[in-house]
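Nothing in this text is a laboratory measurement; each read-out follows from the coordinates by a stated rule. Every value quoted in this text rests on a predicted model; they were computed, and no experiment measured them. Neighbour counts are summed over all protein chains in view; Cβ atoms, including those assigned to glycine, are modelled from backbone coordinates with ideal geometry.
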Amino acid sequence: MILSDCGALKELPKDIGKLLKLTELNLASCSSLKALPDSVFHLKKLKHLDLSGCVKLEIPPMEFGKLQGLVELNLSNCPQLWCLHNSLVHLSELKTFRLLNCLCLKELPKEFGKLQNLVELELTCCYKLGCLPNSIVRLSQLKTLRLPWCKKLEKLPEDFGKLQSLVYLALTGCSQLGCLPESLVNLSKLEKLILVECNKLGNLPEAFGQLRNLVELNLSYCSQLGCLPKSIVHLSQLKTFLLLGCDKLTNLPMEFGKLQSLVELDLSHCSQLECLPDSIVNLSQLKTIRLCVCDKLKNLPMKFEKLQNLVELTYLEDEELEDEDEYEEELEDEDEYEEELEDEDKEEREQEDGGRG
C-alpha cells in the first residue's frame, strides 16, 4: 500500500490491521500524520515500512517490536523522533534501517546489537547522536554503516573491529571524532572508508595497513592529520587515495610506491607538503595525480616519466611546480637526442651500403 506524499493524511483507519497479507506500507512524506493505530502492529507479514518525512510522527509505541517479519524500516526525516523504543531490537528479520536526518535522536537502544540480520544502517545527520551502544559490534551481518555529520559523535566502540562483515564505513563531518579504535584494523572486508572533515582526527592506527581489502580511502580536509602511518603502504588493493586539504600533512611515507594498485591520488591544497617520495615513480597503475595549490612543493621526483600510465597531472597554472617546464624540456631534449641518433645510424648505414656498392 503506497500512500506517500499524502500531506493531508492525519490518521490511518483503526482496522488497518485486518490487512493480514499486506507486505508493504509506504507513508513517506505524510507530513500531518501524528501516530499509528495499534492495529498496524498486527500486520505480521509486513516487510517494508516507510515513515520517512512524517514530520509530526511521535516515537513508535512498544508494540513496534511485534512486526517480526519487517525487513526494511525507514524513519528518516522524523524530527520528533528523539529516541527509539527498546522493542525495536526484537525485529529479528530487519536488514535495512534508515534514520537519516533524525535531528533530535540522541541514542540507540543499548541492546541494538540484537538486530542480528541487519545489513545496512543509515544514521546520516543525526546531529545529537553522541555515541553508539557497545552492543553494535555484535551486528555480524552489517555491511554498510553511514554516520556522516553526526557532529557530536566522539568515538567508536573499542571493539569496533568485530564488525567482520563491514564493507563500507562513512564518517564524513564527524567533527568531534578524535581517534579511531585500534581494533578498526581488524575489519578485514572493509573496502571503502570515508573520513572527510574529521577535523579532530590527528592520526590513524599504526597497524592501518592491515586493511588489505581497502579500495578507497578518503581523508580529505582532516585538518589535524600531520602524518600517515608507515604501514599504510601495505594497502595492496587501494585504488583511490584522497588527501585533499590536509593542511598539516608534511610528507608521505618513503615506501609510498608499494601501493601498486593505486590509480588516483589527490594531494591538492596540502599546503605544508614539501616533497613527494622518490618511490612514487613505482606506482605503475597511477593514472591521476592532483597537486593543486601545494605551496611548498617545488620539485617532482627524478624519473617521474616512469609513470607510464599517467593520464592526468593537475596543478594550478599560477602555482606551477618549478621543475615542470624543465621536465617538459628534458623530454623534448630526449626526443631530439633520439632523433639525432636515428639520423646518425641512418647515415652510417647509407655509407656502408655505398662502400659495398
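Computed quantities for the displayed model
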item: Segment N117-V55, extension gain: residue separation times 0.36 nm, minus the distance between their alpha carbons; result: 19.5 nm
item: Isotropically averaged projected area of the stretch 163-248, using the convex hull of Cα atoms (one quarter of hull area), nm²; result: 4.7 nm²
item: The stretch 1-68: mean projected area of Cα convex hull, nm²; result: 3.9 nm²
item: Mean separation of Cα contacts under 8 Å, 6 or more apart, over the residue count of the chain: relative contact order %; result: 7 percent
item: Once the Cα gyration tensor of the chain is diagonalised, semi-axes √(5λ) in Å; result: 56, 22, 19
item: Set K258/K287; K162/K189; K95/K192; K47/K128 screened for pairs whose C-alpha atoms are more than 18 Å apart; result: K95/K192; K47/K128
item: Near-label residues of the stretch 246-276 by backbone N, under 20 Å of a point 7 Å along Cα→Cβ of N299; result: 250-257, 271-276
item: Inter-probe distance in nm under a simple model that places probes 7 Å from Cα toward Cβ, at K34 and N199; result: 4.0 nm
item: Helix-only [θ]222 nm of the chain, DSSP H runs n ≥ 4, -39500 (n - 2.57) each, per residue, nearest 500; result: -3500 deg cm²/dmol
item: Full-extension gain in nm, S92 to D15, via 0.36 nm per residue minus C-alpha separation; result: 25.2 nm
item: Volume per residue that the Cα convex hull of the stretch 91-170 spans, once the total is divided by residue count, Å³; result: 75 Å³
item: Shape of the stretch 11-145, Cα gyration tensor, a/c cut at 1.5; result: oblate
item: Rounded tilt (10° steps) of 324-356 against the dominant C-alpha axis of the chain; result: 50 degrees
item: Cα→Cβ-extended label distance, 7 Å offset, between E274 and C227, nm; result: 1.3 nm
item: Contact order normalised by residue count of the stretch 1-139, Cα under 8 Å, 6+ apart, percent; result: 17 percent
item: Inter-site label distance for N134 and D247 at 7 Å from Cα along Cβ, in nm; result: 3.7 nm
item: Calculated from backbone phi, Karplus (6.51, -1.76, 1.60) coupling profile of the stretch 16-31 in Hz, x at Gly/Pro; result: 4, x, 7, 7, 5, 9, 5, 10, 9, 9, 10, 10, 4, 6, 7, 5
item: Hz values of 3J(HN,Hα) by residue in the stretch 300-306 - Karplus curve (6.51, -1.76, 1.60), Gly and Pro given as x; result: 8, x, 4, 6, 4, 5, 5
item: Whether the stretch 174-314 is rounded, prolate or oblate, judged on the alpha carbon gyration tensor where a/c under 1.5 counts as rounded; result: oblate
item: Counted charge near L20, where neighbours are those whose Cβ lies closer than 9 Å (Asp, Glu -1; Lys, Arg +1); result: +4
item: The stretch 148-197 - convex hull of alpha carbons, volume per residue in Å³; result: 65 Å³
